[in-house]
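Below is one structure, written out as structure tokens, with a few remarks after it.
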Amino acid sequence: MFDLLDSTPISSPDALVRIAQQGAVRMLTLNRPDALNSFTQDMHAELRAALDAAAGDTDVRAVMITGAGRAFCAGQDLKDPGMAAGADGKPDIAAVIEKNYRPLALRLQSMPVPVVCAVNGVAAGAGANFAFGCDIVLAARSASFIQAFSKIGLIPDCGGTWLLPRLAGRARALALALTGDKLSAADAERFGLIWQVVEDGDLQAQAFALATRLAAQPVKALAATRHALDASQSLTLDDALALEARLQGELGRSNDFAEGVAAFQQKRPAHFKDR
Ligand code: T3D
């Protein structure tokens, strides 16, 4: 059973992104609860560093992300004085996106290990699309998702324009983005935006159990699976088959494949180690 007390803290408890390790799972907690864990420049920098560190650490075989307090993440901190201003003195949001949101979305998509997101409360704006960019998303029954952008005169970012239609289809993506209406966790599951709704009190334990299960799998193959599925969206069938052949060819030469086949033949559990 998951218990935060069993995890080893890596960051200080008051870090903007708390980092801990339990077994092979690196746990990241967005930690600005008073501002509903909205993104500041500093929190972005800590999150980037935490994801980079997890990606570079061979002891990490899965990442779990959640939020402290009652929210998951309310998107960009609209009060952050660090928000960039252009030469004309007006907000330079393109610069904010290039510096923070684009690297974040791409980092998630290129993680060498699976990323499980435990959405513990409201996820709004870039906070919602950050969650949708993770590999498997569980949400507490009381959680909700809001494409809040249209309410402040913006478009979905942090990969939202790419993710939403792919996950939910154009009709639902467009309606969610145009209205900015709040979507319950149950409807998010029904729309295919997330994997599963779980009861509030079970969220952290179930997300950790899932991350632990994934960590025991051949994570190199899992990362290649994500890559092939994402790439297939813009490939012809023939090109997707060529990519499958290339990736399968690489994985076929891996220690994990040899171990998986040997474990099957010897009727024992496999012990995967590749990263
Ligand atoms: O640089 C750029 O701008 C470009 C990037 C854009 C990416 C984006 O994410 S744009 C979208 C930004 N996010 C939003 O527009 C969401 C704003 N927040 C809300 O709509 C609501 O707070 C929620 C629906 C998320 C939750 O509502 P509720 O009623 O549960 O809580 P609340 O009372 O509104 O908020 C509680 C506190 O959190 C409050 O502070 P206070 O009054 O107690 O001192 C509120 O101001 C603060 N808070 C909530 N969201 C943000 C925030 N502070 C700063 N930035 C926020 N995004």
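Things worth noting here:
- Dimensions of the chain from C-alpha coordinates, computed as largest minus smallest value along each principal axis and given longest first, are 64, 49, 38 Å.
- Integer Hz, Karplus 6.51/-1.76/1.60 couplings in order for region 6-20, x for Gly and Pro: 7, 8, 9, x, 10, 9, 6, x, 9, 4, 6, 10, 6, 10, 8
- The amide H of residue 142, built 1.01 Å from its N in the peptide plane, has 200 as neighbours under 5 Å, considering only residues 5 or more places off or on other chains.
- Packing here is the average count of other Cβ atoms within 10 Å per residue, and on that basis the peptides 89-100, 262-273, 44-55, highest first, run 44-55, 89-100, 262-273.
- For region 157-207: span of alpha carbons on each principal axis (Å, largest first): 33, 19, 17
- Interatomic Cα distance distribution for region 91-152, bins of 10 angstrom, percent: 21, 46, 29, 4
- Rounded to whole Hz, the Karplus (6.51, -1.76, 1.60) HN-Hα couplings of region 39-45, x for glycine and proline: 7, 9, 4, 5, 5, 4, 5
- When every Cα-Cα distance of region 52-127 is counted in 10 angstrom steps from zero, the calculated P(r) takes the values 16, 38, 33, 12, 1 percent.
- At 0.692 mPa s and 37 °C, Stokes D of region 72-213 from Kirkwood alpha-carbon radius, µm² per second: 211
- Applying 0.36 nm per residue to the separation of residue 106 and residue 236 and subtracting their alpha-carbon distance, the gain on full extension is 44.5 nm.
- Ranked by the mean number of other Cβ atoms within 10 Å of their residues, highest first, the peptides 222-231, 188-197, 128-137 fall in the order 128-137, 188-197, 222-231.
- The share of C-alpha pairs in region 164-238 whose separation exceeds 21 Å stands at 50 percent.
- Pairwise Cα separations in region 1-89 fall into 10 Å bins from 0 onward with the following percentages, short to long: 17, 44, 27, 9, 2, 0.
Every number in this text was worked out from the coordinates using simple rules, so none of it is lab data. Since we're looking at a predicted model, the values are computed, not measured. Glycine also receives a Cβ, built like all others from the backbone with ideal geometry; neighbour counts cover every protein chain displayed.
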